[in-house]
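Below is the structure I would like to discuss, written out as structure tokens.
The values are calculated or read from the model by the stated rules, or taken from the named source; none is laboratory data. The structure presented is a predicted model; accordingly, all values stated were derived computationally and were not measured. FYI the Cβ positions are ideal-geometry reconstructions off the backbone, even for glycines, and counts take in every protein chain you see.
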Amino acid sequence: MSPPDRNRGLSAIPYRAHPWHGVSMGREAPDVVTVYVEIVPTDTVKYEVDKVSGILRVDRPQQYSNVCPALYGFVPQTFCEEEVAAFCMERTGRRGIVGDGDPLDICVITERPIPHGDILVKAVPVGGLRMIDGNESDDKILAVLEGDAVYGAIRALEGLPVPLVERLRHYFLTYKHGPDRQQAQPVEITHVFGREDAHEVIRRARRDYLARFDETFRR
């Protein structure tokens, strides 16, 4: 009698989807998008999804006092490359900008404390920060949690509290700073942009994804 096949039936097990490649950005995108959350405001460690396995890993402990004032993660099945970089150059008049080679970053604002990342939420993009890190386009989309009691009805950047937007700007401009040193390469936010530009960045990041990745990862 042959020994039992321990792997028999594994193909029927519903393995968890890769949060970047195996999750759809949503049928209503760019009006409403699915977001994979990596970091929440109480985190003192920077978490980042491992791009190969899809498992959330520790990128680094936060060395200083800055914490992100919103849920922070990315829009699945997006990629920041040629089209995203071209839009950044169009809007800034700069040359030599490239995409950062990552999924599109997004901050989700909510009044409710969410205790941990590694979750999916639905969010409504209302604007963004046009950030350039060295020569890389590193846009940060600003969104509100769908259905949120305080922020959920906001549909334009102007609806967000100005101090909150300023806190987000300050975080991204300084989160790598140390007491006695600046970041290794210059980081700047050239514009705070509105809903239309946010939608265009999402559309372009989706096209960059489809251009970069094989049909295996499309959904």
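List the pairs whose first member sits in region 188-212 and is under 18 Å from V165 (Cβ atoms), whose second member is modelled with pLDDT under 95, and whose Cβ atoms are under 7 Å apart, counting only residues at least 6 apart or on separate chains?
Close Cβ pairs (under 7 Å, with a partner that is modelled with pLDDT under 95) amount to I189/F172; I189/L173.
Related question: I need a count of the residues in region 87-119 that are touching a Ser or Thr at 6+ places or on another chain (Cβ under 9 Å) and in a helix (DSSP H, G or I).
Of the residues in that region, 5 qualify.
Out of all the residues in region 54-71, which are out of contact with any helix residue (DSSP H, G or I) (no Cβ under 9 Å at 6 or more places or on another chain) and either in contact (Cβ under 8 Å) with a residue 12 or more places away in the chain or among the β-branched types (V, I, T) (or both)?
Result: G54, I55, L56, V58, D59, R60, P61, Q62, Q63, L71.
Residues of region 115-143 being more than 22 Å from L173 (Cα to Cα), β-branched (V, I, T) and touching an Asp or Glu at 6+ places or on another chain (Cβ under 6 Å), which ones?
V124
Take the residues in region 88-103 that are under 14 Å from the mean Cα position of the chain (by Cα) and either acidic (D, E) or surrounded by fewer than 17 Cβ atoms within 10 Å (Cβ to Cβ) (or both); name whichever of them is nearest to T190 (Cα to Cα).
Among residues in region 88-103 that are under 14 Å from the mean Cα position of the chain (by Cα) and either acidic (D, E) or surrounded by fewer than 17 Cβ atoms within 10 Å (Cβ to Cβ) (or both), the one nearest to T190 (Cα to Cα) is D100.
All but one of (1) modelled with pLDDT of 95 or more; (2) within 25 Å of D50 (Cβ to Cβ) hold for C88; which doesn't?
The one condition C88 does not meet is (2).
For region 31-51, state whether one or more residues are under 17 Å from R204 (Cα atoms), part of a helix (DSSP H, G or I), touching a strand residue (DSSP E or B) at 6+ places or on another chain (Cβ under 8 Å) and touching a residue at least 60 places away in the same chain (Cβ under 8 Å).
no
While we're here: I'd like the full set of residues that are part of a helix (DSSP H, G or I) and surrounded by fewer than 17 Cβ atoms within 10 Å (Cβ to Cβ), limited to region 139-164.
Residues satisfying the conditions are E158, G159, V162, P163, L164.
Quick test of your reading of the structure: E111 fulfils all but one of (1) surrounded by 12 or more Cβ atoms within 10 Å (Cβ to Cβ); (2) modelled with pLDDT of 95 or more. Name the failing condition by number.
Failing condition for E111: (1).
If you don't mind, another one. So, in region 54-85, how many residues would count as being assigned to a loop (DSSP other than H, G, I, E, B), out of contact with any His (no Cβ under 8 Å at 6 or more places or on another chain) and small (G, A, S)?
Here the count works out to 2.
If the Cβ limit is 7 Å and pairs must be 6+ apart or interchain, which residue in region 141-159 that is closer than 18 Å to F193 by Cβ pairs with which residue that is of a type in the set (F, W, Y) and surrounded by 13 or more Cβ atoms within 10 Å (Cβ to Cβ)?
Filtered contacts from region 141-159: V144/Y151.
Now a separate question. Can you pull out every residue in region 173-210 that is at pLDDT 95 or above, assigned to a helix (DSSP H, G or I), out of contact with any helix residue (DSSP H, G or I) (no Cβ under 6 Å at 6 or more places or on another chain) and not hydroxyl-bearing (S, T, Y)?
Across region 173-210, the qualifying residues are R195, E196, D197, A198, H199, E200, V201, I202, R203, R206, L210.
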